[in-house]
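Structure, as structure tokens:
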Amino acid sequence: MNAAKQVTLHLVPPDEEDSATHRIHRLMLQRETLRPLFRAAWDDLSHHFDESELEAWAGAVLTLAHVNAGPACLIAYWEASKNDAADRQEIAPLLVAGQMAANICRNAGAQAATAALQALPVATRVFGSGPALARWWRVVDLLARQAPESVAPAADNIAQILAPGTIDAFEDFVAAGLKFASGNKARRQAFFRLEEEFARHMIARDLGSVTFLETEIELKAFVTALWGKPPLLRSFAADNSQTPQRRTSIAGPLIRLPETFRGVQGDAARALFRAAAAHAQAHLVLGNGLFPVGTLKPLQIALVNLIEDARIETLAMRQLTGLRRLWAPYHVATPSGVVAAPTLMARLARALFDPAYVDDDSFVAKGRAMFTAALPRIDDPAISREIGMLLGNDLGQMRVQFNVKTYVVEPVYRDDGLGLWDFGENAPPSGEVIELPVDAVRMERQEAPDGDSNEPDGKGEALGRGRPVAPDERGIIIAKYPEWDRAHGIERPEWTTVREVAAHAGDPRLIEAALDHADALRSRIGRLVRGVRIGRTIRLNRQHEGHDIDIDAALDAGIALRIGQEPDPRVFRSSTSVHRDLAALLLIDVSESTRDRLASGATILDVERLAVAVLAEAMGRLGDPFGLLAFASDGREDVRMTTMKSFEEPYDRRCVARLAGLRSGLSTRLGTALRHAGKVIGNTTSGRKLVIVLTDGEPSDIDVSDPLDLVEDARRAALGLKNTGVDAYGVVLGQAGGEAAWRIFGRGNTMMVHRIEDLPGRLSELYFRLARR
Amino acid sequence: MNLDAYRIADEPYYQPLGHEIETFQAAYAERLPVMLKGPTGCGKTRFVEHMAWRLGKPLITVAAHEDMTAADLAGRYLLEPQGTVWHDGPLTLAVRHGAICYLDEIVEARQDTTVVIHPLTDARRILPLEKHNEIVPAHGDFQLTISYNPGYQSAVKDLKESTKQRFVAIDFSYPPPTTEAAIIVRESGTDEDLAGILVAIAQRSRNLQGHGLDEGASTRMLIHAGRMVRAGLPLDVAVQSSIVLPITDNPDIRAALSDAIQACLP
């Protein structure tokens, strides 16, 4: 490594005048502000090291100064040197640090080098000063070369990133970060700033803890099974400013769970997630609305929460006895220790939960007696308030310590209780208020384009036939198509321009929640899938061989024999299954009119989205190759196509996110969209190709005055598809547009959906009808 | 011909949940065809047996399958040393000699097969046997009953509208908890506490219907679990082997269901 080589060079005793020591002291004479700090560091180091070592160190400082590292970086280096020297009496790691910081400074700038030096003490604490630390430097150096902008974010979060404690984990993490963003700087920074779920997920995985994401499906099914109501589970989108969430929180109908429960691993963590989710859902299912906060003091609120928790759990355990086993392991308070409010409350919680628990404390005993006395009214939430207020007074008068800022509810599976309160208008963080910033974050995310669809590794060359265009709002030109001129009966070549617009990633949970609502439909479609997937078996009669005798053929043969004719030897029966070889492309109209709201409050686009999600889920399970494209246009120069799912990629959560990110706008230039769809599906190798267009009216665009022109053009396009062996079907929403669609696709290939709410079911039915042909 | 082999001697246990016995009796009195709808294992077949016993009529059951042809129902010529001999199918047998013909899971059969029942299920009450060149008028005691699981079958396999509209329908579903527990006690010989737990477990699995499971645990499944316990298996093992494992192959759902079941155990 060149760092090491240069280090040895510095160790060679230099001439007095030309020595690094000399030069650095001379340099410092000119720097008023830096001098005292430098002096302090120098004096400190001179206690530990001899002259030649100091000379080498001075050389490292000079190197840093020569790469214009700036005062902040030099100070960071001196600080790091002082700390390190005191511990270890070794100069080599300091020289390496200086050299690497200089390298980083060259590649990523002074700020990054400073940040790296500031991160050094953490890395030293984790890795020591041996080879692991050298590897750490190498990885940071690599990061500086490949992702200069990410060094500072990574260094700022180094304590969290290094939490797993092994250098391998750190190397993996950085490699994953570089790969994850594939050249998109903003995404990369978000990754190293730990704003990306995936980044936190990686760290948590290396820590051995179970993340919410890993257990979400199971957790949801578990809670659904308990009370029959699918829970709305979310994890906390923790940003950096926030301390990691330690307890569950209920916000309106949402249950927010910590991303991980720290320090709990493996099956224990899964069990804790279940305990927490079951407790929170019990509040939502068995609780009765919010408590008005009124003039209650924090301590009283905490106690009302405690009693309400006990009340809800008592109710829940009456229904499902075994829940006791789920929650019991976390009640670990013992009747001893310091008498402080949190411990007393944990003891009370245990006393109310566990009848066998013995505790002589008068406060605990009183709480227990009051709760037992109220058991006949256990269904009434008012008892929580009554008992909680009284106990809160008692505890207040006992003058035990209660710090509302550091109070964390115990046991660990219980929720923070904020979701049970109505804080009125000028509210501190109640459910709704927590909700708002989360939505705001969601909106911001939607604005950021989904990085992995474009921008190939920063090199900026657009793919496809069109000339490279800066990837702006209008997207990259990918094709030009002709359009039919109805008046003159000719095709205008290269008339329309298709641009690929990067999909915006929305929140896939929005769609998942909608799918949950449509569970009846979904399971019906699921059965259709099963029916189709197995493949139809066709029975073949009168075969030369088979697994069974074709009784009718055998009879005919017998009769033929008796009347002296030659019998037909094909007297067997066999069966074969039909394989489907079908590719489908769904073309979704997202023009302005899909913004209209239906009576239910959902927009037409919402319904389209749900319909597509249901069908896509089914097609994904079937294994049929399919693609999802959305289109809108703003004049002939700007027909925008957005790929939600290409034929090559699997249908996964990212596709759902892109589907969720669809937004209404602009017009419907159907003909061009059809031509492009034909081109896209033309690349697939399936025997049968199907384009299904989802539209809410007839074609239109801002630069065409007579919509009939576009209808005629679309008809030509549909015919063109047919000639290349692609079947085009139109699914028309609402009352209007039927005439046009009949003209374009033909009556047999048009499906009218008058009640837009029916679309999800009808669309899937259409697909399965077509798929069976 | 004697249909004694098809008669049911002892009363099959059936616990009525609503007016299904009266409905069936009325339909039988008018010789109207009946359609039994409901999820699997909720007692449709048992109900038909019970009614056949109650009415004192023979019961001919045909389980429909994908390959079933009209000939399989109506009959065909067979070859014997003397020449061809016509052999009545199960449906013809019931029509000719007066039995209740029960076509189980009718939608499984091919659609062209199901149309042979059309002339039997309207005012004509006849069965034309084209190949035999015969028209069989239905015996006075003949009645047709079909069963149909709306959850299980797929829309592609749905009954034709022209078939559906010929039937009087009785809807079956899972019994209310106390009744279901009583049924389990009766059928598996377990005690009431255990039956109560099994019903609670079933409820957990039914909650997952549409959220990971296509159908929840049936009453039949619970009876099986009860019998496994009676045969000496510990409850959790019995539940695992007769409910959780058969019902799903998805590991997440399986784990969730097992945990939810744990919440029901004392």
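Side notes on the structure shown:
- Sole exception among (1) open to solvent by 10 Å² or more (accessible area, probe 1.4 Å); (2) in a helix (DSSP H, G or I); (3) in contact (Cβ under 8 Å) with a residue 60 or more places away in the chain for A:R234, by number: (2)
- Applying the condition of being facing chain A (nearest Cβ under 10 Å) and surrounded by fewer than 18 Cβ atoms within 10 Å (Cβ to Cβ) to the range B:61-70 and asking which residue is nearest to A:D552 (Cα to Cα) yields B:D67.
- Residue check, B:D214 more than 20 Å from the chain's Cα centre (by Cα) and acidic (D, E): no
- All conditions but one from (1) more than 26 Å from B:D171 (Cβ to Cβ); (2) modelled with pLDDT under 85; (3) in contact with a Lys or Arg (Cβ under 7 Å, 6 or more places away or on another chain) apply to B:T69; the one that does not is (3).
- Only one entry of A:E218, A:E214, A:E197 meets the criterion of being over 18 Å from A:A108 (Cβ atoms), under 16 Å from the mean Cα position of the chain (by Cα), of a type outside the set (F, W, Y) and within 14 Å of another protein chain (Cβ to nearest Cβ), and that entry is A:E214.
- Residues that are assigned to a helix (DSSP H, G or I) and within 17 Å of the chain's Cα centre (by Cα), drawn from the range A:200-211: A:R200, A:H201, A:M202, A:I203, A:A204, A:R205
- Flag if A:A553 is small (G, A, S), touching a Phe, Trp or Tyr at 6+ places or on another chain (Cβ under 9 Å) and over 29 Å from A:L629 (Cα atoms): yes
- Total residues in the range A:243-259, condition open to solvent by 30 Å² or more (accessible area, probe 1.4 Å) and on the phi < 0 side of the Ramachandran plot: 6
Let's see how each residue does on (1) touching a Gly at 6+ places or on another chain (Cβ under 9 Å); (2) among the hydrophobic types (A, V, I, L, M, F, W, C); (3) under 19 Å from A:I378 (Cβ atoms); (4) not in a helix (DSSP H, G or I):
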{"site": "A:T260", "(1), (2), (3), (4)": "no, no, no, yes"}
{"site": "A:G263", "(1), (2), (3), (4)": "no, no, no, yes"}
{"site": "A:L272", "(1), (2), (3), (4)": "no, yes, no, no"}
{"site": "A:A278", "(1), (2), (3), (4)": "no, yes, yes, no"}
{"site": "A:H283", "(1), (2), (3), (4)": "yes, no, yes, no"}
{"site": "A:T295", "(1), (2), (3), (4)": "no, no, no, yes"}
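- Scan of the range A:483-499 for residues that are modelled with pLDDT of 75 or more, touching a helix residue (DSSP H, G or I) at 6+ places or on another chain (Cβ under 8 Å) and of a type outside the set (D, E, K, R), ordered by number: A:W484, A:T496, A:V498
- Where a residue in the range A:359-387 is touching a residue at least 24 places away in the same chain (Cβ under 8 Å) and its partner, wherever it lies, is of a type in the set (S, T, Y) and open to solvent by less than 80 Å² (accessible area, probe 1.4 Å), with Cβ under 8 Å and at least six apart: A:L375/A:T314; A:I378/A:T314
- Residue match in the range A:512-531 (condition: at pLDDT 75 or above, within 25 Å of A:D624 (Cβ to Cβ) and in contact with a Phe, Trp or Tyr (Cβ under 6 Å, 6 or more places away or on another chain)): no
- Tally of residues being open to solvent by 90 Å² or more (accessible area, probe 1.4 Å) and either within 54 Å of the chain's Cα centre (by Cα) or modelled with pLDDT of 80 or more (or both) across the range A:1-22: 3
- The range B:180-194, residues that are out of contact with any Phe, Trp or Tyr (no Cβ under 9 Å at 6 or more places or on another chain) and either open to solvent by 30 Å² or more (accessible area, probe 1.4 Å) or within 14 Å of B:L265 (Cβ to Cβ) (or both): B:A182, B:V185, B:G189, B:D191, B:E192, B:D193, B:L194
- Hits in the range B:203-233 (condition: of a type in the set (K, R), in contact (Cβ under 8 Å) with a residue 60 or more places away in the chain and farther than 11 Å from B:G41 by Cα): B:R204
- Among the residues here, B:A255 does not qualify as of a type outside the set (V, I, T), within 12 Å of chain A (Cβ to nearest Cβ) and under 22 Å from the mean Cα position of the chain (by Cα).
- If the condition is being among the hydroxyl-bearing types (S, T, Y) and within 28 Å of the chain's Cα centre (by Cα), then the range A:395-420 contributes only A:Y413.
- The residues of the range B:83-125 that are of a type in the set (S, T, N, Q) and either more than 11 Å from every other protein chain (Cβ to nearest Cβ) or open to solvent by less than 10 Å² (accessible area, probe 1.4 Å) (or both), listed by number, are B:T92, B:Q111, B:T113, B:T114, B:T121.
- Scanning the range B:184-222 for residues that are within 13 Å of chain A (Cβ to nearest Cβ) and within 18 Å of B:N149 (Cα to Cα) yields B:R206, B:Q209, B:G210, B:L213, B:D214, B:E215, B:G216, B:A217.
- Consider the range B:71-106 and keep the residues that are assigned to a strand (DSSP E or B), touching a residue at least 24 places away in the same chain (Cβ under 8 Å) and of a type in the set (A, V, I, L, M). The one that is farthest from A:N541 (Cα to Cα) is B:I100.
- Verdict on A:F191 being within 26 Å of A:A102 (Cα to Cα), touching a residue at least 40 places away in the same chain (Cβ under 8 Å) and surrounded by 21 or more Cβ atoms within 10 Å (Cβ to Cβ): yes
- Any hit, the range A:498-514, residues being under 30 Å from A:S764 (Cα atoms) and within 12 Å of another protein chain (Cβ to nearest Cβ): yes
- Test: residue in the range A:92-108 that is polar (S, T, N, Q), within 22 Å of A:L142 (Cα to Cα) and surrounded by 20 or more Cβ atoms within 10 Å (Cβ to Cβ): yes
The values are calculated or read from the model by the stated rules, or taken from the named source; none is laboratory data. For clarity, every value in this text was computed on a predicted model and none was experimentally measured. Because the Cβ atoms are built from the backbone with ideal geometry, glycine has one as well, and the counts that use them run over all protein chains shown. Protein only, heavy atoms only, side chains kept; ligands, DNA and RNA dropped before computing areas. Shrake-Rupley method; radii C 1.70, N 1.55, O 1.52, S 1.80 Å.
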